[in-house]
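Read through the structure below, which is laid out as structure tokens, and then see the notes.
What follows draws every value from the coordinates through simple rules; no lab data is involved. Just so you know, these numbers come straight off a predicted model, no measurement behind them. Backbone-built Cβ (ideal geometry, glycine too); neighbour counts: all protein chains shown.
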Amino acid sequence: MSVERQSFGFMPDGTEIFKYIITNASECSAHVLTLGATLQALFMKDKDGGLRDVTLGFDTVEDYLTRSDYQGATVGPYCNRISPAELTINGTSYPLTVNERGITCLHAAGECNLAVWKAIVVDADCVEFSYLSPDGQNGFPGNKEITVQYRLTEDDRLQIRYKATADKDTYLNFTNHSYFNLNGYAAGSILSHSMTLFADEYTPVDANSIPTGGNLPVAGTPFDFTSAHSIGERIEAEHEQLRFTGGYDHNFCVRGEPGALRPAAEVLSKESGIVMRVETTLPGVQFYAGNFLSGIPGKAGVPMDKRTGFCLETQYYPDTPHRPEFPSCLFKAGEAYESETVYAFSVAD
Ligand code: BGC
């Protein structure tokens, strides 16, 4: 195992951005930036032993700042949507920055993903990123000390561990927003990828992608991925939920007890033979099929077209602050938020 540090460019104010590359004995590697604690590249072995970079993204700091789509980033302190954009905690109302449809706070209005994080090499296989989110940033209460550890193991598991504490009661919800293409970032559509989700229920949304409350069973719907289906098979099916979101863009309720690491998803591409299994301690996973990718140029200038990458964003459910029936992510002052998500790679026989 080794960790190498390279310069990745500069912020407009001159701050240098670094890329940390964790490489294992079989030459698989995870490349993580101090900008947004962003997974910029992830090289994994295909069925022929070749390395493929299975995440979309950019080559420059400027592109990450101007064209994000939240590519690869650590998103927080509250990922996904809160709508209306306000929190009420202990009787006090905290208005949040609105950055979607004039009513919603999406991905904390882009805080963690645009921040410059400090990095330390923890071990030959692990780098830790830390960021202090100031009290009141985009309306979220509390000074929040956040750390994210990326570790790549010899058996090709990318482990991401999050820890955070705040000095006021506050809502915390972190995710990684990588767009994956198991044939490689330049390989085009992900619709033939085969997807299994370890989820018997999902949280339906309204036309603004805000949960309408409670969970619905996936059985008998295009949301049933309890056995493997290609992403494309039913994505255009006549179903109100798919119409509202323009394709899969929903929170699935991961089977089993939150707090324990358990499978959330397994994805296979027959073309490359690459299998990605997602495990998490969190209650939910947002399966987003890249419906809004609009062709902007990414790495090596390759356009990131609609549905050329998919996301599996592990999370507390969206809009939890307004949904008492969802697992709570309100943390008391000084109480630790901790979670772990693993993207584990192998090759299909
Ligand atoms: C959301 C999508 C959104 C994307 C980029 C995902 O987490 O579910 O609706 O387009 O992030 O912002």
Got a sec? Which of 170, 175, 153, 165 is of a type in the set (Ser, Thr, Tyr) and within 23 Å of residue 249 (Cβ to Cβ)?
-> 175
Test residue 93 against the stated conditions and say whether it is surrounded by fewer than 15 Cβ atoms within 10 Å (Cβ to Cβ), more than 15 Å from the ligand (Cβ to nearest atom) and closer than 30 Å to residue 212 by Cα.
-> yes
Which of the residues spanning the range 159-213 are more than 13 Å from the ligand (Cβ to nearest atom), under 19 Å from residue 149 (Cβ atoms), among the polar types (S, T, N, Q) and crowded, with 20+ Cβ neighbours inside 10 Å?
-> 165
Determine which single condition residue 98 fails, assuming it passes every other condition in (1) under 26 Å from residue 308 (Cα atoms); (2) part of a loop (DSSP other than H, G, I, E, B); (3) of a type in the set (A, V, I, L, M).
-> (1)
Report yes if some residue within the range 77-88 is basic (Lys, Arg), within 15 Å of the ligand (Cβ to nearest atom), in a strand (DSSP E or B) and under 19 Å from the mean Cα position of the chain (by Cα); otherwise report no.
-> yes
The residue that is nearest to the ligand (Cβ to nearest atom), considering only those in the range 101-111 that are in contact (Cβ under 8 Å) with a residue 12 or more places away in the chain and not in a strand (DSSP E or B), is 107
Those strands (runs of 3 or more DSSP E) completely within the range 234-349 that have 3 or more residues that are over 22 Å from residue 58 (Cβ atoms) are 249-254, 262-268, 274-280, 284-288, 337-347
Only residues in the range 266-282 that are farther than 16 Å from residue 187 by Cα count as the first member; pair them with residues that are among the β-branched types (Val, Ile, Thr), Cβ under 6 angstrom, at least 6 apart or cross-chain, and list the lot.
-> 266/196; 276/267; 279/342; 280/314; 280/341; 282/314
For the range 316-323, state whether one or more residues are β-branched (Val, Ile, Thr) and surrounded by 23 or more Cβ atoms within 10 Å (Cβ to Cβ).
-> yes
Here is a list of conditions, (1) away from the ligand (no atom under 16 Å from the Cβ); (2) in contact with a helix residue (DSSP H, G or I) (Cβ under 9 Å, 6 or more places away or on another chain); (3) assigned to a loop (DSSP other than H, G, I, E, B), and residue 47 meets all of them except one; can you say which number that is?
-> (2)
For residue 138, state whether it is in contact with a Gly (Cβ under 6 Å, 6 or more places away or on another chain) and either away from the ligand (no atom under 16 Å from the Cβ) or in contact (Cβ under 8 Å) with a residue 40 or more places away in the chain (or both).
-> no
Of the residues that make up the range 10-20, is at least one in contact with a Lys or Arg (Cβ under 8 Å, 6 or more places away or on another chain) and within 29 Å of residue 295 (Cβ to Cβ)?
-> yes
Do we find that residue 42 is closer than 30 Å to residue 320 by Cα and of a type outside the set (S, T, N, Q) in this structure?
-> no
So which of 207, 289, 199 ends up being touching a Gly at 6+ places or on another chain (Cβ under 6 Å), among the aliphatic types (A, V, I, L, M) and under 23 Å from residue 106 (Cβ atoms)?
-> 289
Which ones in the range 266-301 are aliphatic (A, V, I, L, M) and within 16 Å of the ligand (Cβ to nearest atom)?
-> 278, 282, 285, 289, 293, 296
Cross-chain or 6+ apart pairs with Cβ under 7 Å, the range 45-57 first and hydroxyl-bearing (Ser, Thr, Tyr), then assigned to a loop (DSSP other than H, G, I, E, B) = 55/72; 55/178; 55/179; 55/185
